[in-house]
Amino acid sequence: MSIVVQKFGGTSVGSTDRMKRVAGYIVKEKEKGNDVVVVVSAMAKTTDTLVKLAGELSDGSCKREMDMLLSTGEQVTISLLTMVLQHRGVEAVSLTGRQAGIQTDDVFGNAKITSIDTGRIKSELSMGRIVVVAGFQGVTKDGELTTLGRGGSDTTAAALASALHADRCDIYTDVDGVYTSDPRVVSRAAKIDGLSYNDMLRFATMGANVLHPRAIKHAREHHVPLIVRSSLEEGRGTVISGKVQRNEAIVGVALQEEVSVLTIHGCDGGESLILYDLDSHHIETERIKHRQDLALIIKDQDVQAVKKIVTQYHQAYTHFDIREDVSKVCVIGSIHSSGEVKEKVSNVFHDYHIGKVSVWESSVGLSALVDRSDVEKAARILHMHFGLDYVESKRAVL
């Protein structure tokens, strides 16, 4: 019997009516003869409400207690969804991250999954039950509850699919697949039928919020196909696997509006301790070294944490400064003539009066920092100039 993992995001389970709709997808998969494991996020806006409540009572600096608080959102969802399934006459059971055997490291607020004991889940499946698991959470070897950070439920789903050797992992969300750019910004973005793990990882690393990089890495390591599809309408979605091939060098254009650049001046090799500390806290950065300066591109939400870490190592550099009025836009793909692409991007920005801060190459494409007020315009212009504007359905060979 095949195992299928289904993940439903906060919008998909955001009301009782939507939970009933989600239950329909789950039952339909079960009726095909598959064992089904479901991973869910907290209902839409629940996490924001809890964060706001904590902010009214404290500064939220105790990450352990924040994890205790935020993990409750998913536990509400798993119990309600399981009740819906049971009401429909289907055998189902809800499990927290701990009960599902998900063990993590001890980085509160941004933990990584280190192992999964699938014994309990397999036992429940063997009794014919649908297993509904709380996403976004796990437990340390010492029994401390942790959360997995942004995209945590996607990571839970992909990690469970890998550990269970599932046939596939369906990621249900409020969009019907992966697009060549954010369709809310670039109206002529095209839905992509299929992407390789590496191309999807390029998208995720460069700012596309469809899937978290950790989820893609879990799936790639164990060759589990991911399918991104809508929970609000029927459709094939976007297939992400190792079997997808494409002919285009440029896959898409991604943008990250809420980033900052922290520049450490006067580095002379002493920055290695800073980078190690950032990695140990699982803080994602993009790093650009220029002579004795090191620029860190970071999410706005990580600015205070990064400043705190950098300040501890003041002997390793002269001083640092931070700029918070920028955004990042990226041309994603396998760029062979990188100098030519870099020149093209610079010329486009000049011609369209886009406030460019810097342009640099990386292993996943070409990135640029621009004035925050220009980032959406920059994404639309680059999308057009690299031939990605929608003409007909995009172009994957499965």
Label-to-label distance, nm, for residues given as Val76 and His222 (7 Å Cα→Cβ offset): 3.0
Sequence-distant lysines (8 or more away, or on other chains) whose Cα lies within less than 25 Å of Lys356: Lys289, Lys299, Lys307, Lys328, Lys342, Lys344, Lys377
Those residues of the stretch 355-376 whose amide nitrogen sits under 14 Å from the label point placed on Met384, 7 Å along Cα→Cβ: 376
Cross-link partners of Lys30 among lysines (Cα-Cα below 25 Å; sequence separation of 8 or more within a chain): Lys7, Lys20, Lys122
Per-residue [θ]222 nm for the chain (sum of -39500 (n - 2.57) over DSSP H runs n ≥ 4, rounded to 500): -10000 deg cm²/dmol
Net +/- balance of residues flanking Ile216 in space, Cβ distance below 11 Å, scoring K and R +1, D and E -1: +1
Rough spin-label spacing in nm, given labels placed 7 Å along Cα→Cβ, for Leu57 and Lys243: 5.0
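Take every DSSP beta bridge whose two residues both sit in the chain, then give the antiparallel share in percent to the nearest 5.
Numbers: 47 of 76 bridges.
If I count the DSSP bridges inside the chain, around 60 percent turn out antiparallel.
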Asn198 versus His350: modelled label distance in nm, points set 7 Å from Cα along the beta carbon direction: 3.3
Gaussian network model of the chain, Cα within-10 Å springs - most flexible of Arg372, Arg323, Arg129: Arg323
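Using the Cα gyration tensor of the chain, with a ≥ b ≥ c the square roots of its eigenvalues, what is the shape: rounded (a/c below 1.5), prolate (a/b larger than b/c) or oblate (neither)?
oblate
Each value in this text was obtained by applying a stated rule to the coordinates, not by laboratory testing. Since the structure is predicted, the reported quantities are computational estimates derived from the model, not experimental observations. All Cβ positions, even for glycine, are placed from backbone atoms using ideal geometry, and neighbour counts span all protein chains on display.
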